[in-house]
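Before any comments, here is the structure.
The values are calculated or read from the model by the stated rules, or taken from the named source; none is laboratory data. Worth saying up front: this structure is predicted, and the values here are computed from it rather than measured. We place every Cβ from the backbone using ideal geometry, glycine too, and count neighbours over all the protein chains shown. For accessibility, only protein heavy atoms count, side chains too; no ligands or nucleic acids. Shrake-Rupley method; radii C 1.70, N 1.55, O 1.52, S 1.80 Å.
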Amino acid sequence: MNTTTIYAWICDDGIWGSTSNLFPPAGKTGCVLSGIAPPGTIPLGTAQGVYINKTLRGGMTWAVRKLTFAFDLFDTTRIYQELASLPEDRSRGFQAGVIYRLTPHTNVNTSLAYTHNEVAASLVTPPALPTARSDDLYTLTAGIDHQFQPKLKGSLLFRHQQRESSNAALADFTENSLTATVNMQF
(Lines give C-alpha, C1' and ligand atoms only; values in the text may rest on other atoms or scores of the structure.)
Protein backbone atom coordinates (compact mmCIF):
# COMPACT_ATOMS: atom_id res chain seq x y z
CA MET A 1 0.00 0.00 0.00
CA ASN A 2 1.35 3.44 -0.89
CA THR A 3 1.64 5.87 2.02
CA THR A 4 1.69 9.06 -0.03
CA THR A 5 -0.37 10.36 -2.90
CA ILE A 6 1.14 9.53 -6.31
CA TYR A 7 0.48 11.92 -9.21
CA ALA A 8 0.96 11.36 -12.93
CA TRP A 9 2.08 14.37 -14.99
CA ILE A 10 2.11 14.50 -18.79
CA CYS A 11 4.93 16.87 -19.77
CA ASP A 12 6.51 17.90 -23.07
CA ASP A 13 9.11 15.12 -22.74
CA GLY A 14 6.90 12.27 -21.46
CA ILE A 15 4.93 10.99 -18.48
CA TRP A 16 6.38 11.53 -15.01
CA GLY A 17 5.34 10.28 -11.57
CA SER A 18 5.56 12.61 -8.62
CA THR A 19 4.51 12.85 -4.99
CA SER A 20 3.32 16.42 -5.53
CA ASN A 21 0.37 17.67 -7.53
CA LEU A 22 1.06 21.16 -6.33
CA PHE A 23 4.06 21.65 -8.54
CA PRO A 24 5.10 19.90 -11.77
CA PRO A 25 8.25 17.76 -11.68
CA ALA A 26 11.34 19.96 -11.39
CA GLY A 27 12.74 21.11 -14.69
CA LYS A 28 9.80 19.83 -16.75
CA THR A 29 7.83 22.07 -19.10
CA GLY A 30 4.31 21.98 -20.51
CA CYS A 31 3.12 19.71 -17.68
CA VAL A 32 -0.55 18.79 -17.15
CA LEU A 33 -1.73 16.77 -14.13
CA SER A 34 -3.34 13.63 -15.56
CA GLY A 35 -3.91 11.13 -12.75
CA ILE A 36 -3.89 10.49 -9.00
CA ALA A 37 -3.62 7.62 -6.55
CA PRO A 38 -4.43 8.88 -3.03
CA PRO A 39 -2.56 7.33 -0.07
CA GLY A 40 -3.56 3.74 0.52
CA THR A 41 -5.51 3.32 -2.70
CA ILE A 42 -3.17 1.01 -4.57
CA PRO A 43 -5.17 -0.85 -3.24
CA LEU A 44 -6.85 0.81 -0.26
CA GLY A 45 -9.02 -2.25 0.33
CA THR A 46 -7.91 -5.72 -0.65
CA ALA A 47 -10.70 -6.42 -3.13
CA GLN A 48 -9.92 -6.48 -6.81
CA GLY A 49 -12.27 -6.35 -9.73
CA VAL A 50 -14.74 -3.88 -11.16
CA TYR A 51 -15.45 -0.71 -9.23
CA ILE A 52 -16.78 2.77 -9.89
CA ASN A 53 -14.34 5.51 -8.95
CA LYS A 54 -15.75 8.94 -8.06
CA THR A 55 -13.30 11.79 -7.49
CA LEU A 56 -13.93 15.40 -6.58
CA ARG A 57 -10.79 17.54 -6.72
CA GLY A 58 -10.08 21.24 -6.41
CA GLY A 59 -6.92 23.22 -6.17
CA MET A 60 -5.20 26.48 -6.82
CA THR A 61 -1.68 27.78 -7.25
CA TRP A 62 -0.50 31.35 -7.21
CA ALA A 63 2.87 33.10 -7.32
CA VAL A 64 4.11 36.32 -5.73
CA ARG A 65 7.65 37.29 -6.68
CA LYS A 66 9.91 34.51 -5.34
CA LEU A 67 7.11 32.59 -3.60
CA THR A 68 4.69 30.05 -5.09
CA PHE A 69 1.75 28.88 -2.99
CA ALA A 70 -0.50 25.92 -3.72
CA PHE A 71 -3.50 24.23 -2.13
CA ASP A 72 -5.36 21.08 -3.15
CA LEU A 73 -8.44 19.23 -1.82
CA PHE A 74 -9.64 15.77 -2.87
CA ASP A 75 -12.40 13.27 -2.11
CA THR A 76 -12.25 9.84 -3.80
CA THR A 77 -14.74 6.99 -3.37
CA ARG A 78 -14.53 3.52 -4.94
CA ILE A 79 -17.71 1.41 -5.05
CA TYR A 80 -16.98 -2.28 -5.73
CA GLN A 81 -19.50 -3.72 -8.19
CA GLU A 82 -18.70 -7.44 -7.93
CA LEU A 83 -18.96 -7.83 -4.14
CA ALA A 84 -22.10 -8.32 -2.06
CA SER A 85 -23.59 -5.12 -0.62
CA LEU A 86 -21.42 -2.95 -2.94
CA PRO A 87 -18.77 -2.03 -0.31
CA GLU A 88 -16.84 1.25 -0.58
CA ASP A 89 -13.49 2.68 0.35
CA ARG A 90 -13.00 6.43 0.61
CA SER A 91 -10.00 8.74 0.76
CA ARG A 92 -10.19 12.48 1.32
CA GLY A 93 -7.83 15.20 2.39
CA PHE A 94 -5.77 18.22 1.47
CA GLN A 95 -2.24 19.28 0.63
CA ALA A 96 -0.73 22.76 0.96
CA GLY A 97 2.73 23.83 -0.09
CA VAL A 98 5.12 26.71 -0.61
CA ILE A 99 8.17 27.04 -2.85
CA TYR A 100 10.67 29.84 -2.30
CA ARG A 101 13.09 30.61 -5.15
CA LEU A 102 16.31 31.20 -3.22
CA THR A 103 18.41 31.79 -6.34
CA PRO A 104 17.65 31.34 -10.06
CA HIS A 105 18.79 27.69 -9.77
CA THR A 106 17.82 26.84 -6.16
CA ASN A 107 14.39 26.31 -4.61
CA VAL A 108 13.37 25.65 -1.02
CA ASN A 109 10.03 23.89 -0.66
CA THR A 110 7.72 22.65 2.06
CA SER A 111 4.33 21.00 2.16
CA LEU A 112 1.78 19.74 4.66
CA ALA A 113 -0.79 17.06 3.85
CA TYR A 114 -3.62 15.28 5.64
CA THR A 115 -5.50 12.23 4.34
CA HIS A 116 -8.39 10.34 5.94
CA ASN A 117 -9.01 6.81 4.63
CA GLU A 118 -12.08 4.66 5.35
CA VAL A 119 -12.37 1.02 4.29
CA ALA A 120 -15.49 -1.16 4.62
CA ALA A 121 -15.17 -4.29 6.77
CA SER A 122 -15.57 -6.61 3.77
CA LEU A 123 -12.46 -5.06 2.15
CA VAL A 124 -10.10 -5.32 5.14
CA THR A 125 -7.31 -7.93 5.41
CA PRO A 126 -7.27 -10.45 7.02
CA PRO A 127 -10.85 -11.50 6.21
CA ALA A 128 -11.02 -13.51 9.45
CA LEU A 129 -11.18 -10.21 11.37
CA PRO A 130 -13.71 -8.15 9.37
CA THR A 131 -13.74 -4.73 11.01
CA ALA A 132 -14.08 -1.48 9.11
CA ARG A 133 -10.88 0.53 9.13
CA SER A 134 -10.31 4.26 9.44
CA ASP A 135 -6.84 5.84 9.14
CA ASP A 136 -5.51 9.38 9.37
CA LEU A 137 -2.22 10.11 7.62
CA TYR A 138 -0.24 13.30 8.33
CA THR A 139 2.73 14.26 6.15
CA LEU A 140 5.20 17.13 6.43
CA THR A 141 7.96 17.62 3.86
CA ALA A 142 10.76 20.15 3.55
CA GLY A 143 13.48 20.19 0.95
CA ILE A 144 15.84 22.02 -1.32
CA ASP A 145 16.63 21.43 -4.99
CA HIS A 146 19.40 22.89 -7.10
CA GLN A 147 20.28 22.84 -10.80
CA PHE A 148 24.07 22.52 -10.93
CA GLN A 149 24.30 22.50 -14.72
CA PRO A 150 21.69 22.45 -17.49
CA LYS A 151 21.56 18.64 -17.38
CA LEU A 152 22.55 18.03 -13.73
CA LYS A 153 20.10 18.53 -10.86
CA GLY A 154 20.06 17.50 -7.22
CA SER A 155 17.70 17.61 -4.27
CA LEU A 156 17.54 16.88 -0.56
CA LEU A 157 14.13 16.12 0.98
CA PHE A 158 13.08 15.47 4.59
CA ARG A 159 9.70 13.79 5.13
CA HIS A 160 7.84 13.10 8.37
CA GLN A 161 4.78 10.85 8.19
CA GLN A 162 2.47 9.65 10.89
CA ARG A 163 -0.49 7.28 10.56
CA GLU A 164 -3.09 6.92 13.27
CA SER A 165 -5.54 4.07 12.86
CA SER A 166 -8.74 4.21 14.89
CA ASN A 167 -9.41 0.48 14.95
CA ALA A 168 -6.58 -1.58 13.49
CA ALA A 169 -4.09 -3.09 15.91
CA LEU A 170 -0.45 -2.29 15.15
CA ALA A 171 -1.36 -0.12 12.14
CA ASP A 172 -0.03 3.14 13.60
CA PHE A 173 3.42 4.26 12.50
CA THR A 174 5.75 7.23 12.47
CA GLU A 175 8.37 7.64 9.77
CA ASN A 176 11.17 10.13 9.28
CA SER A 177 13.10 9.94 6.03
CA LEU A 178 15.83 11.92 4.33
CA THR A 179 16.22 11.46 0.58
CA ALA A 180 19.03 12.81 -1.59
CA THR A 181 18.76 12.54 -5.37
CA VAL A 182 20.96 13.48 -8.29
CA ASN A 183 19.58 13.47 -11.85
CA MET A 184 21.76 13.72 -14.92
CA GLN A 185 20.44 13.75 -18.49
CA PHE A 186 22.51 12.37 -21.34
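Observations
- Of residues in segment 159-186 being part of a strand (DSSP E or B) and more than 30 Å from residue 89 (Cβ to Cβ), the one most open to solvent (accessible area, probe 1.4 Å): 178
- When the residues of segment 32-68 are filtered to those that are open to solvent by less than 70 Å² (accessible area, probe 1.4 Å), part of a loop (DSSP other than H, G, I, E, B) and out of contact with any Ser or Thr (no Cβ under 9 Å at 6 or more places or on another chain), the one that is modelled with the lowest pLDDT is 43.
- Residues (crowded, with 16+ Cβ neighbours inside 10 Å and closer than 15 Å to residue 109 by Cα) located in segment 129-141: 139, 141
- Among the residues here, residue 144 qualifies as at pLDDT 95 or above and either more than 27 Å from residue 60 (Cα to Cα) or open to solvent by 40 Å² or more (accessible area, probe 1.4 Å) (or both).
- Top-ranked residue of segment 69-80 - restricted to ones that are among the aliphatic types (A, V, I, L, M) and at pLDDT 90 or above, ranked as surrounded by the most Cβ atoms within 10 Å (Cβ to Cβ): 70
- Residue, farthest from residue 144 (Cα to Cα), within segment 81-115, restricted to residues that are touching a helix residue (DSSP H, G or I) at 6+ places or on another chain (Cβ under 7 Å) and crowded, with 19+ Cβ neighbours inside 10 Å: 87
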